[in-house]
Amino acid sequence: MTMSYARRYLLYGTVFGLCFPFIASLMDAWLSVGHISFQSILQVQLQNPLLWMIDTAPIFLGLFAYFGGVQYDRLNVSQAQIHNLNKLLEDKNKDLESKVQERTEKLESSVKKLVEANQIRNEIIATVSHELRTPLTAIGGAIKLIKSKTVGDINESGMELIEVADRNANQLNRLIDDILDIEKLEAGELEFDVQNYPVKKLVDKSVAMNQPFAESFDIKLVNDIFDDDVNISIDKRRFLQVMSNLISNACKFSPANSSVIVSIRHFDKIVRISITDSGKGVPKNIAGKIFEKFFQVDSSNVRSRGGTGLGLNISKSLVECMGGIIGFYPNDGQGSVFFIEFEEA
Ligand code: ADP
């Protein structure tokens, strides 16, 4: 039979604590008075309190032993609980380890599949773009020949149709260029030939390059005067691409006969190039989305204005890859101000 320490010591304590004072009192009475009776016991105990204390001491020893046993029991229970908890913890740890292992394996296989899918996607895009571009170049060449009337005369309605074909072929070309740029940017494969250039010359060139486009929308493209001789460090081709995107957007989204102003400001080693228009502006509620891929505020007028919704997304990536920032804010009167900033080189 197993007995807890508390019970065991309670038993010892009770037996010892109760029996000893009784036997001791009998012996005290017999030794001191010579015979044992209730009176002789009382007489001896009252006359000698020290003897009484010694006789009853085992009761306290018994109690002490009992409480000691209780504490010991508690300790044993706590140790057993700690042991159980430790075991539980070990089991949980093992469980967790196996789950982590399982998930890691799943994740690794998903990453592998994703990398493979990405490779296939890149190959498909590259192939499709190439397959599209080759016939498109031929179509473009044919359109140019017809437009220049090298192959013979063409009447007015024929010319209008050729213009439509030309616009659409150009649009398709731009879309292919944009998709290829995005692919390269996302794969980190776009190479930048960064050099120092005088910002004024770059801006003059972009204004001149976009003048015909502005005229086609009856927009007056104004180049604000800037006389500072300051350089910025950029990839010229990519910088001009960004400028073309911002200027062409400003022209596309402005009313005919309005002006688009291109200006440069230089402050605290920062060079800011701004393109200000007086069009409809960008609605406040979608301002955060404007740099997202394929985002267009109103896709219904794409036909008349042209556009892929990729220009600003590409421009943002290009500017950031060259260490600059791009942004926009509403123009004071009407329209928007799009800007790019670079540190002075
Ligand atoms: P898109 O090829 O359509 O021009 P972008 O990425 O260059 O593509 O521009 C995305 C959209 O942002 C545009 O379709 C237009 O809705 C809006 N946007 C860009 N620039 C302007 C601007 N200057 N004024 C008003 N809206 C603009």
Answer yes or no: is there a residue in the range 307-325 that is more than 16 Å from the ligand (Cβ to nearest atom), buried (at least 19 other Cβ atoms within 10 Å of the Cβ) and either modelled with pLDDT under 90 or not hydrophobic (A, V, I, L, M, F, W, C) (or both).
-> yes
Looking for whichever is within 11 Å of the ligand (Cβ to nearest atom), surrounded by fewer than 19 Cβ atoms within 10 Å (Cβ to Cβ), of a type in the set (A, V, I, L, M) and outside any strand (DSSP E or B) here; the options are 287, 250. Which one fits?
-> 287
Would you please name the residue that is surrounded by the most Cβ atoms within 10 Å (Cβ to Cβ), looking only at residues in the range 55-85 that are of a type in the set (A, V, I, L, M) and within 19 Å of residue 14 (Cβ to Cβ)?
-> 65
If you take the residues of the range 264-283 that are without any contact (Cβ under 8 Å) to a residue 40 or more places away in the chain and more than 11 Å from the ligand (Cβ to nearest atom), which of them is farthest from residue 222 (Cα to Cα)?
-> 268
Could you check how many residues of the range 255-284 are touching a strand residue (DSSP E or B) at 6+ places or on another chain (Cβ under 6 Å) and assigned to a loop (DSSP other than H, G, I, E, B)?
-> 4
Residue pairs qualifying under the 6 Å Cβ cut-off, at least six apart or on distinct chains, with the first in the range 129-150 being assigned by TED's automatic domain parsing to the domain that holds residue 169 and the second being surrounded by fewer than 11 Cβ atoms within 10 Å (Cβ to Cβ), are 145/151
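The values are calculated or read from the model by the stated rules, or taken from the named source; none is laboratory data. Just so it is clear, the structure is predicted and the values come from calculations on it, not from any experiment. Using ideal geometry, Cβ is built from the backbone for each residue, glycine included, and neighbour counts are taken over all protein chains shown.
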